[in-house]
Amino acid sequence: MAAASFLPLHLPASPRLATIARAASGVVPAAVQTSQLEEAFGRKGLKFGTDATGAPTAELSVRNGSSLQVRLNDGLVTSYRPKVYWKDELSYREVLHTVAGADAVKGGVGLVLNDASSSSTSLLAGSEWSVTDADSDSYDAVQVELGCSAGKGGTLEVSYVVTLYELSMATAVIVKNNGSKPVELTSAVLSHIRFDKRRGTAVEGFQGCPYCSHPPPASGFALLTPAEAMKREESGWFGGGGEEPRQGAWTVEENLYTVLKKKVSRVYAAPPEERKKRIYNTAPSKFTTIDQYSGLGFRLIKMGFEDMYLSSPGGMYEKFGDDYFLCTGPASILVPVVVGPGEEWRGAQVIEHDNL
Amino acid sequence: MAATLQFISLLGTSSPHPAPSCSSTTTGNEKQQLRSVHLPRQQGRGRRLRVARAVETDAPSADPEAAVEPVEPPSVDFAFVSPRLLPDGTPDVVYRTACGGQKLRDIMLEGYIDLYGPYDKPLSNCSGGGECGTCMVEVIEGGEMLSPKNEVEKEKLRRKPKSWRLACQATVGKPDSTGQMIIQQLPEWKIHEWEK
């Protein structure tokens, strides 16, 4: 696999572009907003438009045909279609699972950033995201950066960078604390990955890693709420419902492949008690999804986060469309991250594949 | 041939990096200078270095002058480095700790570290017999703790760099050894270089 050219991440935002972007995020009709964004940031591989519900979106595409769509008002990646080699031909496959809700699309890949100290209220609720920068090398990589101010009084500056490469896509979050008090965050990048059939869904890479049953962090875009995710499924024909550990109890994953037919909601990580020791067994930084029916696998890589969240809807998937899906991604939810005044915290997730 | 390495752990004080790297690597040049990997200092030498900021909120602060740390049994710390770097160019490291006196292969397999790579399938390797030569690892630091190369290793590794060892033949110290080792997994597949 060729290493794609990496773009410098934090490009200095040119003042002229930034003001146009901020002006556009006021109460401006979507069509005008789109054309302003197009003028300011549009380039080869990056187009601005609106989706079916009228929300402004950016569409990123690279030379080999892979494309990605991200909704601009909250940074939700609603579509990722890489080019893959499937059934003996090159085609594009939608990796992410989304559901058209009452007023907005849910699912996809989204960022969760909650305040750990005040009962997990979302730091991003009510914040206005605006496009602060864009970059591309015109062939194989395109990047768009969204920024917003979050937290009480707008003391946190959050940047969310979505990048599309030939064989992967990356989402990175940078949180800078401009206030005078430290802030405790729990954060996650949750992705809803689509699979063909429930029976052939598994992940590989967690063998030997401890896990515990844990609800996902609350978010606006997730298909399953934390309560729904934790509800135990009734045991099926073979009485297999009792295998999940109780919340808070840690067990170690023994299997090479974690089959995800049943409903689970787990966090794979080194237990917080272990992390206090001088040296502890660290958790793996990546895992691969396996879809037996399509034969395609995608690798999820976590950087900067401590835990990996993994959940499958089990029988509940039927409420959300025909395809089975997993809600998974890197997270820092067991132990909150403390960002002191003037400090910065970064985390990223990369979804990559070798299906070519 | 002790490699001098200054390391900043991915889990440590430096902020972890998001996906694309800030340093512009020349495209097409896959050999990159490796950034650093830290191991926490062993007991008795003061504050732990791998300060995951997250843990400090509820743990009592580790004051270097303060009292006695509980005595832990002697063990050897390992940092295993994967042959592929993370997408932002930093090394993909996992940490383990184990008692000395065992073969390196046993320590790696118990810790679910990828030792054999593509030869992991049943019957693709000799399972520790010293015949197939697929369990090669490169010892970056701490090589003095390993037993000297035996004849089997010398034969299999004749054309390889001197820092490479066969994990199934190398024993890590004695049961009461302490120390730290940095091991590069699957050195034939690595795309980075270690600074000397």
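The values are calculated or read from the model by the stated rules, or taken from the named source; none is laboratory data. Remember, it's a predicted structure, so these values are computed and weren't measured experimentally. Here Cβ is always computed from backbone atoms with ideal geometry, including for glycine, and neighbour counts include all displayed protein chains.
Name, by its number, the condition in (1) surrounded by fewer than 22 Cβ atoms within 10 Å (Cβ to Cβ); (2) closer than 17 Å to residue A:333 by Cα that does not hold for residue A:112.
Condition (1) is where residue A:112 drops out.
Identify all residues within segment B:143-166 that are in a loop (DSSP other than H, G, I, E, B) and touching a residue at least 60 places away in the same chain (Cβ under 8 Å); write none if there are none.
B:162, B:163
Within segment A:346-356, can you find the residues that are at the interface with chain B (Cβ under 8 Å from one of its Cβ atoms) and surrounded by fewer than 24 Cβ atoms within 10 Å (Cβ to Cβ)?
Within segment A:346-356, A:346, A:352 meet the criteria.
Conditions (1) within 17 Å of the chain's Cα centre (by Cα); (2) surrounded by fewer than 17 Cβ atoms within 10 Å (Cβ to Cβ), marked per residue:
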site	(1), (2)
B:133	no, no
B:140	yes, no
B:159	no, yes
B:188	yes, yes
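Filter segment A:143-184 down to the residues that are of a type in the set (Val, Ile, Thr) and more than 11 Å from chain B (Cβ to nearest Cβ), then identify the one that is surrounded by the most Cβ atoms within 10 Å (Cβ to Cβ).
Selected residue: A:144.
Test each condition in (1) within 24 Å of residue A:167 (Cβ to Cβ); (2) among the small types (Gly, Ala, Ser); (3) crowded, with 20+ Cβ neighbours inside 10 Å for residue A:297 and report the one that comes out false.
Only one criterion is unmet by residue A:297, namely (3).
Name the residues in segment A:125-138 that are away from chain B (no Cβ under 11 Å) and not polar (S, T, N, Q), would you?
Across segment A:125-138, the qualifying residues are A:125, A:126, A:128, A:129, A:131, A:133, A:134.
Restricting attention to segment A:141-166, which residues are of a type in the set (A, V, I, L, M) and in contact with a Pro (Cβ under 7 Å, 6 or more places away or on another chain)?
The one that is of a type in the set (A, V, I, L, M) and in contact with a Pro (Cβ under 7 Å, 6 or more places away or on another chain): A:161.
Considering each of B:122, B:74, B:83 in turn, give the residue that is more than 19 Å from residue B:184 (Cβ to Cβ), surrounded by fewer than 20 Cβ atoms within 10 Å (Cβ to Cβ), within 14 Å of another protein chain (Cβ to nearest Cβ) and in contact (Cβ under 8 Å) with a residue 40 or more places away in the chain.
B:74
In the list B:122, B:91, which residue meets the criterion of being more than 29 Å from residue A:277 (Cα to Cα), at pLDDT below 95 and part of a loop (DSSP other than H, G, I, E, B)?
B:122 is the lone residue from the list that is more than 29 Å from residue A:277 (Cα to Cα), at pLDDT below 95 and part of a loop (DSSP other than H, G, I, E, B).
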